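Right, one structure below, let's go through it.
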Amino acid sequence: MARPKVQFVCQNCGTVHTRWAGKCDGCGEWNTIVEDDPAGGIGSGPGKPRTKGKPVALTSLSGDIEDAPRIETGIAELDRVTGGGFVRGSALLVGGDPGIGKSTLLMQAAAALARKGHSVIYVSGEEAVAQIRLRAQRLGAADTDVMLAAETNVEDILATVAQGNRPDLVIIDSIQTLWSDMAESAPGTVTQVRTGAQAMIRFAKQTGAAVVLVGHVTKEGQIAGPRVVEHMVDAVLYFEGDRGHHYRILRTVKNRFGPTDEIGVFEMSDKGLGEVANPSELFLGERNEKAPGASVFAGMEGTRPVLVEVQALVAPSPLGTPRRAVVGWDSARLSMVLAVLEAHCGVRLAQHDVYLNIAGGYRISEPAADLAVASALVSSLAGLALPADCVYFGEISLSGAVRPVAHTAQRLKEAEKLGFGRAVLPKGSADLPKSANGSWNTVDALADLVVGIAGAKAQLAQDEDE
Ligand code: TYD
Ligand code: MG
């Protein structure tokens, strides 16, 4: 008889090994490989008897859809990110660092839905019922009829939620605490998390309830243990933010039922998370308009324009290899912008340390920020503050040209709304609106921008001499 095959699974990346090793070949992590029982729920071990499948009934695409397909929470920032509310019969994963506010957000969402008459079950494996009640009191949600349970066993959870009427929303906080009788490894391991998540997702699909899974993120930025869970669920949201700042950003990473480039902005206070309807005001709040090295970027987050401050510090370096440090932006893109400044604009930065920071702990992923970054760098090098009422956006190509980007009109409209009368933007931008009282300065090469800033500095020096 063949011996049941034992396999070893890396708890960090999920790579399967045939024998134990100290280091995982897949991700290079040490001490992450754990013996795994292949009969434990997932996959079929070779020892399992083969059973014949039974046919399922096939249906057509058209047909009645019971209930409204989405459940709106009424928390606008959350509904925007999910694409208009939780989808019935779908599973959603909310990831984030421990302590960032995932439980707070979901408790607020649960309370909002319960107030609207939906039935919501909140299962916590992290806190006792008394602790959850305490938080609910703080959030002013204690009077709602959200049903609570402190439980970690998947089978018990399923038996509980399957009683009585089907719930509209089930929140599992968190998947790392789930464990199933079906799998033999310890809670928090890949097998357990995967088995638990799979059981909850199956429950969602079968009953049409929306399921929200909470997952902690490791220091590497992955949802701990299973990247596999990200593939299994319908949507993945990341809750992020800086501990030093009081606002939090909810970002869509994956969404089978909606857009993936939306963000929701919240502010953490002693009464929980509040919605921030106008994030630009928040990000520009602490701006020092006279400081050199700062420029305002008119960015887009999904359908929404957001203005953020880009800060640069360029200083002569005492080191042989100057430092380049970036917070909130891509460091490879910074290297590219620096190279273009050197090669096409005669700006020498090889002997300088360069620090770049996006204000308020915000993170930019758009290439349209290139122009704002370049202007902040040149401004810092020249020691000259940029005009306080000017925004910058445009993509820089390796040839030194400034390329048009999408949503010009929306970016400019947001800028005008917040009192920015001027803009530097790519020449050839489509849908350039006529400004009522602003002035748009279009540039087609990065060198034009540098000449503009250098010219302003020369003018200033001349004025001081006179
Ligand atoms: P929590 O939702 O427990 O985080 P997570 O579930 O992501 O681990 O949030 C914990 C943090 O939020 C904690 O540092 C305290 C803070 N907080 C407030 O500032 N105000 C509040 O009203 C609440 C409930 C929490
Ligand atoms: Mg929590």
Review point. Which one is nearest to Thr442 (Cα to Cα), of the residues in segment 405-421 that are of a type in the set (A, V, I, L, M), surrounded by 15 or more Cβ atoms within 10 Å (Cβ to Cβ) and out of contact with any helix residue (DSSP H, G or I) (no Cβ under 8 Å at 6 or more places or on another chain)?
Key: Leu412
**Study point:** Residues located in segment 238-259, provided they are hydroxyl-bearing (Ser, Thr, Tyr) and over 13 Å from Leu92 (Cα atoms)
**Key:** Tyr247
Review point. Mind checking which residues of segment 254-269 are under 18 Å from Leu282 (Cβ atoms), more than 16 Å from ligand 2 (Cβ to nearest atom) and either touching a residue at least 24 places away in the same chain (Cβ under 8 Å) or assigned to a loop (DSSP other than H, G, I, E, B) (or both)?
Key: Glu262, Ile263, Gly264, Val265
Check your understanding: Looking at this structure, is Tyr238 under 29 Å from Val34 (Cα atoms) and within 12 Å of ligand 1 (Cβ to nearest atom)?
Key -> yes
Exercise for review: Would you point out which residue out of Ala114, Ala2 is farther than 24 Å from Gly302 by Cβ and at pLDDT 90 or above?
Suggested key: Ala114
Review point. Here are Leu139, Leu213, Leu148: which of them is within 16 Å of ligand 2 (Cβ to nearest atom) and under 16 Å from Met232 (Cβ atoms)?
Key: Leu213
Point to revise | Subset of segment 101-115 [more than 14 Å from ligand 1 (Cβ to nearest atom) and within 23 Å of Ile157 (Cα to Cα)] | key: Ala112, Leu113, Ala114
Review point. What is the number of the single condition among (1) surrounded by 16 or more Cβ atoms within 10 Å (Cβ to Cβ); (2) more than 20 Å from Glu127 (Cα to Cα); (3) within 16 Å of ligand 2 (Cβ to nearest atom) that Ser185 does not meet?
Key: (3)
Review point. Here is a list of conditions, (1) basic (Lys, Arg); (2) under 27 Å from Gly14 (Cα atoms); (3) within 16 Å of ligand 2 (Cβ to nearest atom); (4) without any contact (Cβ under 8 Å) to a residue 40 or more places away in the chain, and Lys102 meets all of them except one; can you say which number that is?
Key: (4)
Practice item. Residues being within 12 Å of ligand 1 (Cβ to nearest atom) and either basic (Lys, Arg) or farther than 17 Å from Val236 by Cβ (or both): count how many of those fall in segment 75-100. Key: 2
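Conditions (1) within 16 Å of ligand 1 (Cβ to nearest atom); (2) surrounded by fewer than 18 Cβ atoms within 10 Å (Cβ to Cβ); (3) without any contact (Cβ under 8 Å) to a residue 60 or more places away in the chain; (4) within 25 Å of the chain's Cα centre (by Cα), marked per residue:
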| position | (1), (2), (3), (4) |
| --- | --- |
| Glu72 | no, yes, yes, yes |
| Gly117 | no, yes, yes, no |
| Ile132 | yes, no, yes, no |
| Met147 | no, yes, yes, no |
| Asn153 | no, yes, yes, no |
| Asp156 | no, yes, yes, no |
Revision key, fill the gap. Over segment 163-188, the set of residues within 16 Å of ligand 1 (Cβ to nearest atom), of a type outside the set (Gly, Ala, Ser) and assigned to a loop (DSSP other than H, G, I, E, B) is Leu178
Study note, to complete from the structure: Of the residues in segment 104-142, those that are small (Gly, Ala, Ser) and more than 23 Å from Ala197 (Cα to Cα) come to Ala111, Ala112, Ala114, Gly117, Ala130, Ala136, Gly140, Ala141, Ala142
Check your understanding: Which pairs have Cβ atoms under 8 Å, sit 6 or more apart or on different chains, and link a residue in segment 382-403 that is on the phi > 0 side of the Ramachandran plot to one that is surrounded by fewer than 20 Cβ atoms within 10 Å (Cβ to Cβ) and aliphatic (A, V, I, L, M)?
Key -> Gly400/Ala343; Gly400/Ala445; Gly400/Ala447
Review point. Given (1) under 25 Å from Gly84 (Cα atoms); (2) among the small types (Gly, Ala, Ser); (3) at pLDDT 90 or above, where does Ala199 come up short, assuming only one miss?
Key: (1)
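The values are calculated or read from the model by the stated rules, or taken from the named source; none is laboratory data. Note that the coordinates shown come from a computational prediction; the quantities given were computed from them, not determined experimentally. All Cβ positions, even for glycine, are placed from backbone atoms using ideal geometry, and neighbour counts span all protein chains on display.
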